[in-house]
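S.K.: Mind looking over this structure? Questions follow.
The values are calculated or read from the model by the stated rules, or taken from the named source; none is laboratory data. Predicted model, so just to flag it, every value in this text is computed and none were measured. Here the Cβ positions follow ideal geometry from the backbone for every residue, glycine too, while neighbour counts run over all protein chains shown. Each accessible area value is taken on the protein alone, full model and side chains, heavy atoms only, with ligands, DNA and RNA left out. Shrake-Rupley method; radii C 1.70, N 1.55, O 1.52, S 1.80 Å.
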Amino acid sequence: GNTKYGVFFGDFRANVYALDAQTGAQLWTKKVDDHVVARITAAPAFHDDTVFVPVSSSEEFVAGTLEYPCCTSRGSVVALNASTGEQKWKAWVMEEPKPTKKNSKGVQLYAPAGGSVWNTPTIDPKLNAVYFGTGDSETYPASKNSDAIMAVDIKSGKTLWVFQIEENDSFLAGCGAQNKTENCPEVQGPDLDIGNSPILKTLPGGKRVLLTAAKDGRVVALDPDNKGAVVWRSNAVPPAPAQPGQNAFQARMGGVVWGGAADDRAAYYGLTGGGMTALQLTTGERLWHTPLAKPGQRVNNAAAATAIPGVAFVGGSDGIVRALQTSDGKVIWEYETAHEYETVNKIPGKGRAINSAGVTIANGMLYVGSGYAVTGSNTGNV
């Protein structure tokens, strides 16, 4: 039609919508997964009249109860024709679940399952590849494609290579030693999920790196031009004693969830444990780490980071957006979003935690959603 610009997004029922950006008219809608708990967590990617949609699920939060036929959901990336919504291909993270045994309630169990894709796929036009991170397995033994970076062919969705960061991560919520059910994996993994989009950068001299990070702060640079071979490994979390009141799991998971940003010199990651770290792109060396919590306070800075030349931006569970100087990590300014607002549409507005999506920069303006806390109660709506 006459649409020049489209807007694409997904919902918690795995529907994808295309709107005309100038009029808001709905162009098409497409359900990309029939599973009852399939959902779309991250934004789709757009390239060459194709929309690449990441599919995740909420299964791992409910599957431990014996009434649930655990487990049958699996992550994927779906390629759709941007003009029509028609499916071109679907790349599954793992093979189809098959019946295994019945539990004591007589409910049929299945495996393998899991591998949610929580992040926006990264497009590599040079190699005609699509890269994305995958979540944990929900069943034991864990799939080789869980907690991994997958590279698939942009035209067919066929797997090109896989790099696994954590083996044996089969995980269901609520399956700790105290309340383990027969649905729970035999070995409960660390719930490491790669939730951030891979960062593809060209270094001075032309060599390329593909960066991915994990919830424990591990960052791995892979060579996309050599089937994902490791270039360097690093950690965005500075070594530190465990905080009072933290268990070992919390101490370990102080790393990266929703994603980093990069310029030509470094990658910038906000951390669950608080603060922001810069890693050199060529070596992975930690250039600086800036703690951002006030003394005695714990802040989660795991919302996706954003960078423009000279400045990296990160939000926090405290509702504060901070701008850091990329050269040395010094805080340039901070803005407190966590208060009441008079809104343009007169809906009572309150800012609160900034815990998932990061800031968007356009034409010298900064836009940020405040109040989507993911977990916890620090919620708002602006």
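S.K.: Need a quick list: strands (runs of 3 or more DSSP E) entirely within region 1-97 having at least 2 residues that are within 22 Å of residue 194 (Cβ to Cβ), over 24 Å from the mean Cα position of the chain (by Cα) and at pLDDT 95 or above.
M.R.: No strands (runs of 3 or more DSSP E) qualify here.
Conditions (1) over 25 Å from the mean Cα position of the chain (by Cα); (2) crowded, with 16+ Cβ neighbours inside 10 Å; (3) farther than 26 Å from residue 280 by Cβ, marked per residue:
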site: 310; (1), (2), (3): no, no, no
site: 318; (1), (2), (3): no, yes, yes
site: 322; (1), (2), (3): no, yes, no
site: 334; (1), (2), (3): no, no, no
site: 341; (1), (2), (3): yes, no, yes
site: 352; (1), (2), (3): no, yes, yes
site: 355; (1), (2), (3): no, yes, yes
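S.K.: Checking the conditions here, which among 212, 134, 159, 181 is in contact with a Pro (Cβ under 6 Å, 6 or more places away or on another chain) and either in contact (Cβ under 8 Å) with a residue 24 or more places away in the chain or surrounded by fewer than 18 Cβ atoms within 10 Å (Cβ to Cβ) (or both)?
M.R.: Going through 212, 134, 159, 181 in turn, just one is in contact with a Pro (Cβ under 6 Å, 6 or more places away or on another chain) and either in contact (Cβ under 8 Å) with a residue 24 or more places away in the chain or surrounded by fewer than 18 Cβ atoms within 10 Å (Cβ to Cβ) (or both): 212.
S.K.: Limited to region 357-382, what total is found for residues that are of a type outside the set (A, V, I, L, M, F, W, C) and either exposed (fewer than 14 other Cβ atoms within 10 Å of the Cβ) or touching a Leu at 6+ places or on another chain (Cβ under 9 Å) (or both)?
M.R.: So the answer is 7.
S.K.: From 338, 307, 302, which residue is among the small types (Gly, Ala, Ser), at negative phi and in a strand (DSSP E or B)?
M.R.: The match here is 307.
S.K.: Look through region 280-298, keep the residues that are over 23 Å from the mean Cα position of the chain (by Cα) and assigned to a strand (DSSP E or B), and return whichever of them is surrounded by the fewest Cβ atoms within 10 Å (Cβ to Cβ).
M.R.: 287
S.K.: If I filter region 103-126 down to residues being more than 16 Å from residue 40 (Cα to Cα) and in contact with an Asp or Glu (Cβ under 7 Å, 6 or more places away or on another chain), which single residue comes out as most open to solvent (accessible area, probe 1.4 Å)?
M.R.: Residue satisfying both the conditions and the ranking: 105.
S.K.: For region 137-156, give me the residue count where each residue is in a loop (DSSP other than H, G, I, E, B) and either open to solvent by less than 30 Å² (accessible area, probe 1.4 Å) or without any contact (Cβ under 8 Å) to a residue 24 or more places away in the chain (or both).
M.R.: The total comes to 8.
S.K.: What's the number of the condition residue 100 fails, among (1) open to solvent by less than 70 Å² (accessible area, probe 1.4 Å); (2) free of Cβ contacts under 8 Å to residues at least 40 places away in the same chain; (3) not in a loop (DSSP other than H, G, I, E, B)?
M.R.: Tallying (1) open to solvent by less than 70 Å² (accessible area, probe 1.4 Å); (2) free of Cβ contacts under 8 Å to residues at least 40 places away in the same chain; (3) not in a loop (DSSP other than H, G, I, E, B), residue 100 fails exactly one: (1).
S.K.: Same structure, new question: Which ones in region 45-65 are open to solvent by 40 Å² or more (accessible area, probe 1.4 Å) and farther than 23 Å from residue 122 by Cα?
M.R.: If the condition is that a residue be open to solvent by 40 Å² or more (accessible area, probe 1.4 Å) and farther than 23 Å from residue 122 by Cα, then 61, 62, 65 are the ones that fit.
S.K.: Scan region 185-195 and give yes if some residue there is farther than 20 Å from residue 256 by Cα, open to solvent by less than 40 Å² (accessible area, probe 1.4 Å) and either in contact with a strand residue (DSSP E or B) (Cβ under 8 Å, 6 or more places away or on another chain) or assigned to a loop (DSSP other than H, G, I, E, B) (or both), otherwise no.
M.R.: yes
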